[in-house]
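Colleague: First the structure, then my questions, so here it is.
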Amino acid sequence: MRYELFTALGLPGAPPRHPSEFDRLLKTALAERPRTFLVDEAQWLNGEAFEYFRYLWDDLSTHLAIIFVGGEGCHTVLRREPMLSSRIFIWQHFTRLTPGEVSETIPLFHPVWADADPDDIAFADQHAAHGNFRDWARLTAHVRLALARTGRPRVDREVLRWAFGRLGSSA
């Protein structure tokens, strides 16, 4: 964990060899200015990792916010760490976007969807994204590639079907 944080913080020089030196270096770096750690797939972390994040966060000199993000089971895993979970300010559960939320949100998500036909957005959601924002991000990457390769100015059903094929979906 220390080495990952050393790298993520872009600290100069060689990493310290001893844990106490490493901790002192990390705490000094975290005291310089406010930092936010985004810890994805948090459900896969062990108790030792959670304890280390708590240790850094509890230090009065550090200016640290930590966002734990995870899939199924993340809430359960975090709740098993009482010293950490008691410090969590907000628990936020995300669900799939409803069709109405998709039609409102996706045109704002990326410029390729800004002028897309709302029926095409609904079609894409029904056949590939299913209200899942991660799936929308993947679909968007494939749609951008299709638009670049074809020179088309905007999303259409043919572009979407090609992108679905890249995702392993069918329409």
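The values are calculated or read from the model by the stated rules, or taken from the named source; none is laboratory data. Just so it is clear, the structure is predicted and the values come from calculations on it, not from any experiment. Quick reminder, even Gly has a Cβ in these numbers, built from the backbone with ideal geometry, and neighbours come from all protein chains shown. For accessibility, only protein heavy atoms count, side chains too; no ligands or nucleic acids. Shrake-Rupley method; radii C 1.70, N 1.55, O 1.52, S 1.80 Å.
Colleague: Determine which single condition residue 36 fails, assuming it passes every other condition in (1) among the β-branched types (Val, Ile, Thr); (2) farther than 22 Å from residue 4 by Cβ; (3) in contact with a strand residue (DSSP E or B) (Cβ under 8 Å, 6 or more places away or on another chain).
Modeller: If we test residue 36 against (1) among the β-branched types (Val, Ile, Thr); (2) farther than 22 Å from residue 4 by Cβ; (3) in contact with a strand residue (DSSP E or B) (Cβ under 8 Å, 6 or more places away or on another chain), just (2) comes out false.
Colleague: Over 22 Å from the mean Cα position of the chain (by Cα), over 18 Å from residue 161 (Cα atoms) and either of a type outside the set (Ser, Thr, Tyr) or surrounded by 14 or more Cβ atoms within 10 Å (Cβ to Cβ) (or both): does that describe residue 114?
Modeller: yes
Colleague: Having 3 or more residues that are of a type in the set (D, E, K, R) and open to solvent by 40 Å² or more (accessible area, probe 1.4 Å) is the bar; report the helices (runs of 4 or more DSSP H) wholly within region 21-111 that clear it.
Modeller: 47-58
Colleague: If you don't mind, there's one more thing I want to ask. In this structure, does residue 95 turn out to be modelled with pLDDT under 95 and under 16 Å from the mean Cα position of the chain (by Cα)? First the steps, then the outcome.
Modeller: Working: modelled with pLDDT under 95: yes; under 16 Å from the mean Cα position of the chain (by Cα): yes.
Answer is yes for this residue.
Colleague: A further question on this structure: Anything in region 129-171 that is under 22 Å from residue 100 (Cα atoms) and open to solvent by less than 10 Å² (accessible area, probe 1.4 Å)? List them, or say none.
Modeller: Across region 129-171, the qualifying residues are 129, 131, 136, 139, 140, 143, 155, 160, 164.
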